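The values are calculated or read from the model by the stated rules, or taken from the named source; none is laboratory data. Remember, predicted model here, so these are calculated numbers, not experimental data. FYI the Cβ positions are ideal-geometry reconstructions off the backbone, even for glycines, and counts take in every protein chain you see. What goes into the accessible areas is simple: the full protein's heavy atoms, side chains included, and nothing from ligands, DNA or RNA. Shrake-Rupley method; radii C 1.70, N 1.55, O 1.52, S 1.80 Å.
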Amino acid sequence: MHILAVASEAFPLIKTGGLADVVGALPGALAPQGLRVTTMLPGYPAVLAALPNARSARNIADLFGGPARLLRGETAGLDIIAVDAPHLFGRAGSPYLMPDGREWPDNALRFAALGAAAALVAQDGLRGARFSAVHAHDWQAGMAAAYLRHGTTRVPCLFTIHNLAFQGKFEASVFPRLGLPWEAFAAQGLEYYGGVGFLKAGLWYADAISTVSPSYAAEIRTPAEGMGLDGLLRGRGAALHGILNGIDLAEWNPATDTQLAARFDAADPAPRAANKAALQRALGLAEDPAAPLIAYVGRLAWQKGVDLMLEAIPAIFDAGAQLAILGAGEAQLAERCAGAAAANPGRIGTRIGFDEGLARLIYGGADAVLVPSRFEPCGLAQLCALRYGALPIVARVGGLADTVVDANTAALSQGWGTGFACAPGSVALLAEAITRAAIAFREPSIWRALQANAMRADVSWAPSAARYAAVLRGLVHG
Ligand code: ADP
Ligand code: GLC
């Protein structure tokens, strides 16, 4: 079975968040299930640069205002179709934003074009390749489901929600330019609160829907977490699956990771001490092995609860802990993180920007990793942290609730627990979880046991790949 995946990001070609990691990892994870995946991406400059030997596989005379070519190539173990349409995607930098930080005004046409190209390839095949199903990711690929449904040949579509907060909502005035029949502009279609919704299109037209954790799949059916789409999601009931993300265990392996100062494994995590010292030096923290080193790696955004973490700094200091921050995102949060480091030399270290190597040193050197999200569809930071023996301190929400076992008194008495969890959205409860972690850190036998549990937790793709394969096979055969 050959699947056409459609997305706007895939690691290592283009990445702004976990979406790219998942789209980049799924083809390898699905291969042992007997599924072959070809991934369609917009031909951003970074994507074309990664495919120097790509072959032109089809020309499209007019793709939403200009000519396009579909290029087929391989890189990093991925089989890629790039939509080379310079008038839409020939723009360096962020895939979505202009250099001044605002959205590109033609984003509706850019990502409608991605969906239209995907439907074309799925229905016609491409140079002898035939596709059994389409797997579309997030709003940028949602229109693929609409074009498939209004197309000529029936090809089933699975639509995966990575984050319901990004909805691809546009003015109704773009509808006539999408090339769909008028009946599509309806509640039973892609009409969304008077405008056009690309995420809504995916949810309405796809044959099955999945999201990236079982807890998030339940949360988004409620008005509180459904962001206006809970009614539709409840209506689609049985077609909505929660399938947990994994991480690639070869890619994320502390025994072979060349970005670490010292490599280690679950049997002997002692070399982590050298990574902790290197991390402390890199971020200007006091080189103190006895101070619990708590870290944050991620987008600086309201979703992630970065503000809650900053408000919990007094508790971090009361616990005798240090704080390391690596993140990029909202300017105001970046300023606050940098300010906290400037005001607390040796105790808080901040690096603003995207730095894969430093992220790995954090996972392999910090004692604990904070993920205080207000909502979290899955989250990959806590999975990397578990794998590298940094105990996650998380809000009990979405995929964080599904992947971290709180080391409370009862769990500890049974030798159980992989981290610390608290209810989301509260500085006081976050502070309490941080305090519990610091207390456990000062009991070496307890900490070692928790670390061993964390490093042995199954964060691989294997169980979830089997579930994706079952859903896709169900669509194709039934
Ligand atoms: P989201 O997709 O919501 O941003 P995830 O936890 O799913 O969050 O995925 C984020 C991924 O990006 C993780 O692999 C994390 O390690 C990585 N990451 C996030 N911010 C940075 C950064 N500033 N530098 C390096 N890696 C980062
Ligand atoms: C989104 C979510 C994150 C998830 C990622 C990959 O960016 O915010 O929770 O892990 O997608 O599915």
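Provide the packing ranking of 405-412, 191-198, 137-144, i.e. peptides ordered by the mean count of other C-beta atoms within 10 Å per residue, highest first.
Going from most to least packed, we get 137-144, 191-198, 405-412.
Considering only DSSP states other than H, G, I, E and B, which GluC sites (Glu not before Pro) in segment 310-353 qualify as loop sites with at most 16 other Cβ atoms within 10 Å?
Those satisfying the criteria are E330.
With unit charges on the beta carbon (Lys/Arg positive, Asp/Glu negative), name the residue among M455, G339, P314 whose Cα is farthest towards the positive pole of the charge dipole of segment 272-456.
Looking along the dipole axis, the top candidate is M455.
Return the whole-Å distance between the Cα centroid of segment 347-405 and the Cα centroid of segment 70-104.
What the calculation gives is 29 Å, centre to centre.
Return the tail of the calculated pair distribution for segment 272-456, meaning the percent of Cα-Cα pairs more than 20 Å apart.
Within segment 272-456, distances greater than 20 Å cover 46 percent of Cα pairs.
HN-Hα J couplings of segment 18-25 from phi, Karplus 6.51/-1.76/1.60, θ = phi - 60°, integer Hz, Gly and Pro as x?
x, 3, 4, 4, 5, 5, x, 8
To the nearest 10 square angstrom, what accessible area does E183 show with a 1.4 Å probe?
Spelled out: E183, probe radius 1.4 Å, area about 120 Å².
Of all the accessible heavy-atom surface of segment 186-252, with the other protein chains kept in place and a 1.4 Å probe, what percent is carbon and sulfur?
59
³J(HN,Hα) across segment 138-150 via Karplus (A = 6.51, B = -1.76, C = 1.60, θ = phi - 60°), whole Hz, x for Gly/Pro?
Going residue by residue, I get 6, 4, 5, 10, x, 5, 4, 5, 5, 5, 5, 5, 8 Hz, with x marking Gly and Pro.
Which order do peptides 127-133, 463-469 fall in by mean Cβ count within 10 Å, highest first?
463-469, 127-133
If amide hydrogens are placed 1.01 Å from N in the peptide plane, which non-local residues have theirs closer than 5 Å to the one on A366?
For A366, whose amide H was placed from the backbone, there are no distant partners under 5 Å.
If amide hydrogens are placed 1.01 Å from N in the peptide plane, which non-local residues have theirs closer than 5 Å to the one on A421?
So A421 has HN proximity to V394, A407.
Return, for the Cα atoms of the chain, the radius of gyration and Dmax in Å, separated by a comma.
Considering the chain through its Cα atoms, Rg and Dmax are 22.7, 68 Å.
What order do you get for 266-274, 41-49, 206-214 when each peptide is scored by the mean count of other beta carbon atoms within 10 Å, highest first?
Output ranking for 266-274, 41-49, 206-214: 206-214, 41-49, 266-274.
Restricting everything to alpha-carbon atoms, can you work out Rg to Rh for segment 68-148 with a Kirkwood hydrodynamic radius?
Over the Cα atoms of segment 68-148, Rg/Rh equals 0.98.
What is the angle, in °, between the Cα long axis of helix 331-343 and the longest principal axis of the Cα atoms in the chain? Nearest 10 is fine, range 0 to 90.
Orientation of helix 331-343: about 20 degrees from the principal axis.
In debye, nearest 20, what is the charge dipole magnitude of segment 272-456 about its Cα centre with +1 on Lys and Arg Cβ and -1 on Asp and Glu Cβ, if you could check?
The calculation lands at about 380 debye.
Long-range amide H contacts for G228: which residues qualify at under 5 Å (H placed 1.01 Å from N, peptide plane, sequence gap of 5 or more or a different chain)?
Amide H neighbours of G228: none.
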